[in-house]
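Worksheet: the structure to be examined is printed underneath.
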Amino acid sequence: MRRYLTVLLTALLVFTAYAENNGVAVVPGNEYVLRNVATGTYLMKDGTTTSYEQEASNWRVVTNDTIHYGDQEQLYFIHSDEVIMQMNNSGLGWSVNFSTKGNQTYVMPSETTEGAFKFRYRFMTSTRYLNVEVAEDGSERLTAAHTSSSYNDWEFVPTSHPKNYRYRLMSMKRSSGNTKYAIAYRSHNPKGQEIWLSGWMAVPTDGEGGSSTADHVLFSTHYTLTKTSQWPTVSDPIDGLSFTFTTNKPVMVEPDYYGCGITEQFDNPYCAADIMAEESVDMLIIAHDLLRDLHQMDCSTGNFPTYGIGSSQGASIILACQKYVETSPKVSEEERNAINWVRTCACAGLYNPLATLSYYYHKNEPSVPSVVPFLLMGMVAGCPDIFGDTQVEEYFSDAFLEAGVLEYIRSKKYTSEEITNYMKEHSVATMAEMLSEEAKDMNSDLSQKLQKALGLSNLTRDWSPRANIKLYYHPDDAVVPHLNLVSFVNGMKDRCQGKLETQQTLLSVHVSACTDFFARMIFGLYKE
């Protein structure tokens, strides 16, 4: 998969280089109007042309999907609002169509007009180009021409009337019955600045591409992943088995998170409930755009309910997402109705992170010590209004900093298990060894900031869940202590408007309990 993404990046660079040499940088996600070189008219999404740029349809290169090194051509989808340009041959002759179903069209530099491009499609041994044919009365129509001329040369012209598209495709894998995407989507970082984040989607389809056959959305938030090769957009997530094995396949949506995927250069706001929920739900909302644009699935009516699942870190995030959808003023009523959140299933989550860190202080030797720096780094990254100029390094001892644990984590080269082993090898795996003296003082300004941030991420109070919730747990879990479940149930049993259930897992070890949970989810028990 990493090699596949490298090829995609290479294709993008090659195409952009061509475009820059010819006067305009054509960038996937950006918007353009397409002007025919010979006629000077602009392409419309209904297959007609217009003389006025202000009336022209906005087009964008949605994705680059492969590269052929021989003649340096790239495969793209050219998309305007809800339609995709197509040239095809059904066996009865060539035609040019515009629909919501994907089609493979090559974009290649023109050999007849400098600065222009051709759209080329191959069917068996026949090659055709998107062409404007002018009749004797001056009317124009699009054809799939077999000859190369200036009438099939097109210029990408930056539009004067852009729309704010909210997603772009980074990769796509299509097969008969499903399409899987790695997408970039617009969101905000913890400081409120607009950024692109990444996530993974899987859509069951009627044949290869085309309309979706799903009747619900499964929104999954992943557990702790710390290594580049683990991101959902890089390697199909284990949660994705729910898409593969459930009888009635859902649309699956799973964000990488800030600090992972295309933003892996930043610290992940680990378990910082508010920002993690906002960024994740942004993907869920924007996924509705993609489903409408490419798979004829209109979620606006609320006819495609959402089910949420998550374990460990993902468990706290999925509940934070439910809370955000149900209570946040940033989610409009239209968006809330479209999401139609029905049920959440979560396993072994940090629902009360302040109580969890206090438990670690008392125990001194956490079963998975890497959780401590993850949690401290996450709070500082996720709550800039609380920490201000305070650096996360201030929370750690000299020995911890000299061991280079933070650099080891930030490299994104190692799993959480490898990070834990590294901490043990360097004798900085206990709370006493990890933390600075000021961080150990519960009354210090440094500790007060941390406690405030952890308190804001407490999911066991301050809301009344509307959707049903089922929490999986084991009382002997040594990584995420049982107090998290007790705290949630005690805080919410009289507040839940939906049904609140608990289910003990068969195995007590944290990872095994989460595996038990996913086995249940894979076979569709999130809907029961």
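The values are calculated or read from the model by the stated rules, or taken from the named source; none is laboratory data. Worth saying up front: this structure is predicted, and the values here are computed from it rather than measured. Note that each Cβ is placed from the backbone with ideal geometry, even for glycine, and that neighbours are counted across all protein chains shown. In case anyone asks, the SASA skips ligands and DNA or RNA and just uses the protein heavy atoms, side chains included. Shrake-Rupley method; radii C 1.70, N 1.55, O 1.52, S 1.80 Å.
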| message | With the requirement that a residue be in contact with a helix residue (DSSP H, G or I) (Cβ under 9 Å, 6 or more places away or on another chain), in a helix (DSSP H, G or I) and β-branched (Val, Ile, Thr), what does the stretch 268-318 give you? | response | 275, 281, 285, 301, 317, 318
| query | What are the residues in the stretch 259-282 that are in contact with a His (Cβ under 9 Å, 6 or more places away or on another chain) and closer than 27 Å to residue 204 by Cα, if any? | reply | 260, 278, 279, 282
| Members of the stretch 112-156 that are free of Cβ contacts under 8 Å to residues at least 40 places away in the same chain, under 21 Å from residue 98 (Cα atoms) and among the acidic types (Asp, Glu) | 133
| Hey, residue 236 hits all of (1) touching a helix residue (DSSP H, G or I) at 6+ places or on another chain (Cβ under 6 Å); (2) within 30 Å of residue 420 (Cβ to Cβ) but one; which does it fall short on? | (1)
| request: Name, by its number, the condition in (1) without any contact (Cβ under 8 Å) to a residue 40 or more places away in the chain; (2) among the aliphatic types (A, V, I, L, M); (3) farther than 23 Å from residue 259 by Cα that does not hold for residue 403. | output: (3)
| task | Please verify whether the stretch 177-187 includes one or more residues that are at pLDDT 95 or above and closer than 26 Å to residue 276 by Cα. | result | yes
| task | Among residues belonging to the stretch 330-373 that are part of a helix (DSSP H, G or I) and over 30 Å from residue 476 (Cβ atoms), point out the one that is most open to solvent (accessible area, probe 1.4 Å). | result | 334
| Of all residues in the stretch 208-224, which are open to solvent by 20 Å² or more (accessible area, probe 1.4 Å) and out of contact with any Leu (no Cβ under 7 Å at 6 or more places or on another chain)? | 208, 211, 213, 215, 223, 224
| Residue count, the stretch 456-465 (criterion: surrounded by fewer than 16 Cβ atoms within 10 Å (Cβ to Cβ) and either at pLDDT below 95 or of a type outside the set (Gly, Ala, Ser) (or both)) | 2
| said: Can you find, within the stretch 48-71, the residue that is modelled with the highest pLDDT among those that are open to solvent by 20 Å² or more (accessible area, probe 1.4 Å) and touching a Leu at 6+ places or on another chain (Cβ under 7 Å)? | reply: 49
| Just a yes or no: is a residue in the stretch 499-508 open to solvent by 40 Å² or more (accessible area, probe 1.4 Å), within 20 Å of residue 273 (Cβ to Cβ) and modelled with pLDDT of 95 or more? | yes
| task | Can you give me the number of residues within the stretch 274-293 that are within 17 Å of residue 308 (Cα to Cα) and open to solvent by 10 Å² or more (accessible area, probe 1.4 Å)? | result | 5
| request: Can you work out which of the residues in the stretch 445-483 that are acidic (Asp, Glu) and without any contact (Cβ under 8 Å) to a residue 24 or more places away in the chain is farthest from residue 394 (Cα to Cα)? | output: 462
| request: Please find, among 214, 272, 202, the residue that is in contact (Cβ under 8 Å) with a residue 24 or more places away in the chain, closer than 29 Å to residue 449 by Cβ and of a type in the set (A, V, I, L, M). | output: 272
